[in-house]
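Asker: Below is one structure. I have some questions about it.
The values are calculated or read from the model by the stated rules, or taken from the named source; none is laboratory data. Being a predicted model, the structure only gives us computed values, none of them experimental. For neighbour counting, all protein chains shown are included, and Cβ atoms are generated from backbone atoms with ideal geometry for every residue, glycine included. Areas reflect the complete protein model, heavy atoms only, side chains present, ligands, DNA and RNA absent. Shrake-Rupley method; radii C 1.70, N 1.55, O 1.52, S 1.80 Å.
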Amino acid sequence: MKPRRVVGLSRGYEEMDGANVPRPPGSTATAAPTSSAGGAEQNGDRNGAAGGTMLTAAGAGAPEFELASVSVVPDDTYTVTQAVNALGFGWFQVKLSLCVGLCWMADSMEMTILSVLGPALHCDWGITRYQQALVTTVVFLGMMLSSTFWGHLSDRYGRKPALTLCGVLLFLYGLLSSVAPSFGWLLLLRGLVGFAIGCVPQSVTLYAEFLPTKQRAKCVVLLDCFWALGACFEVALALAVTPNLGWRWLLGLSAAPLFIFAIITPWLPESARYHVTSGQSDKALNTLEQIAKDNRRPMLLGRLVVEGPSGSRGSFKALLGSSLRRTTLLLWFIWMSCAFCYYGLVLMSTELFGGKNKTIVDGDEPGMIDCQPLATTDYMDLLWTTLAEFPGIFATIYVIERFGRKKTMALQFLFYAGCVLMITVTEVRVFLTIILFMARGVIAGLFQAAYVYTPEVYPTALRSVGVGGCSALARLGAMATPYIAQVLFQSSIWSAVSVYGIFAACASVACMLLPYETRGADLAH
């Protein structure tokens, strides 16, 4: 049969003779039964595999034939969710995973370096404990101030332009930080680094919108492998560079992955959901056709339609509307607690290991300043605790699909609280390393579980600004944590770990109070 162009169908679609065309009077057609509810997709396999639909014309000896080149959905229409589910997971998602993973790896390196940079500046420039905490705080301040900005930019102009600008700025400010002439300049440049990092969560939004429902949670959680890889690489780089070349070379070399990410961002795909909700259906079709080509799947036949009400794109006020207010407020507290606990544990690990190596050096201020350079054994212990993120990731993948997002996050917060309280029980280095290993693994998985749940619970029109708002509140928690993990920890270990335990317990309750469980749900509204 010769394919022919059909008038009235979307551009770029061809139809086989006898399919979806008017039939002579008295003839009928039957198809494999499918259920439809306004075109909404609730099952990734509902559209059927290519060639799985059989049309049979009534009449004597009418031949059966199989449509082996297209997939058919009810009413000749389909949504982006239906298309992504039908086209499945393939080479397109693999390429996107590597690009987004590199972004996360670069972000992780810029975050991990904070635990090494503070002690190095403390010895090199003689800064006080409060100034050391300020180096960390100013990065998260930049991230908090920029999160909603990047969210608005992504929802109005697209995820791809925002990530491209983010990659360029992040590399530029990261490289300039390595040549900062004074403490004031370093603070300014690290704050600008934080401003650029505020866009990184939008890469998760882009990634999640291209994932089929069945693979979405596992793939988003697996992104944390790149985060853990970046953290491990940064610790290894610090071990090789800092003792001989100093912290400036460490900052400069740590910007290398950012340079690579800035180069590849022009090849990132734009979100098909963004194009549809912004009225650019032709561009969305081009993206979906590229997915079909890369994944070697047949393109769906029919007309692409908007999935659910579009609403007001990028409206921060809508996050606090009657239908989303409770979810938004609870998620803000959960994200704030998650960042507060995660980065607190990272900084406390350095304090616990580095505190064994106190020496006295001359400082710029009157008097003597205690210097705590990290030794090789300290870096190795930090590397071991960082490696804990890998088993934490895989455990989260299993638990999150078996028990759901809410229960998983609640249990992880409780387990973290128990681990940090055990820090005060022993001073034996081996047992301390094991405790930090378990706590680091569970809090890393928890952070990624939050990244799975948040894009799922917000509608497409508000997804980027919703993730951006949560990220902003997370940075607020991260801004406060240096004063607990680095300042209060020096005077009272028990007081510091008690603060983290209380926050984790309260966040566990907040997880159970979330009104929606998104396990198995589509990103359809």
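Asker: Cα-Cα over 20 Å: which of Lys214/Lys406; Lys160/Lys218; Lys317/Lys407; Lys160/Lys214; Lys214/Lys317? Write down the numbers at each step before the final one.
Answerer: Working: Lys214/Lys406 18 Å; Lys160/Lys218 23 Å; Lys317/Lys407 28 Å; Lys160/Lys214 25 Å; Lys214/Lys317 31 Å.
Distance filter (> 20 Å) returns Lys160/Lys218; Lys317/Lys407; Lys160/Lys214; Lys214/Lys317.
Asker: Taking just the alpha-carbon atoms of the stretch 374-440, what radius of gyration and Dmax come out, in angstrom?
Answerer: Cα radius of gyration and Dmax of the stretch 374-440 are 13.7, 42 Å respectively.
Asker: Something else now. Loop only by DSSP, 11 or fewer other Cβ within 10 Å of the Cβ. Give me the GluC sites (Glu not before Pro) in the stretch 234-295 that pass, ordered by residue number. Don't jump to the answer; show the numbers that get you there.
Answerer: Working: sites: Glu234, Glu270, Glu289; in loops: Glu270.
Within the stretch 234-295, no GluC sites (Glu not before Pro) qualify (loop, at most 11 other Cβ atoms within 10 Å).
Asker: Here is a follow-up. Peptides 218-226, 293-301: what's the order by average Cβ count within 10 Å, highest mean first?
Answerer: Details: 218-226: 20.8, 293-301: 18.1.
Going from most to least packed, we get 218-226, 293-301.
Asker: Taking only Cα atoms of the stretch 388-525, what ratio of Rg to Rh do you get with Rh as the Kirkwood inverse-distance radius? Before the final figure, lay out each step's value.
Answerer: On the way: Rg = 16.3 Å, Rh = 16.1 Å.
Value, to two decimals: 1.01.
Asker: For the stretch 385-433, with every protein chain kept in place, what is the accessible area per residue (1.4 Å probe, Å²)? If you can, show how the numbers build up before the last one.
Answerer: Values: 2330 Å² over 49 residues.
Each residue of the stretch 385-433 exposes 48 Å² on average to a 1.4 Å probe.
Asker: So what is the accessible area of the stretch 158-252 per residue, in Å², with the probe set to 1.4 Å? It would help to have the intermediate numbers written out before the result.
Answerer: Working: 3050 Å² over 95 residues.
In whole numbers, the stretch 158-252 has 32 Å² accessible per residue.
Asker: Would you calculate the convex hull of the Cα atoms in the stretch 159-292 and tell me its volume per residue in Å³?
Answerer: Taking the convex hull of the Cα positions in the stretch 159-292, it is 114 Å³ per residue.
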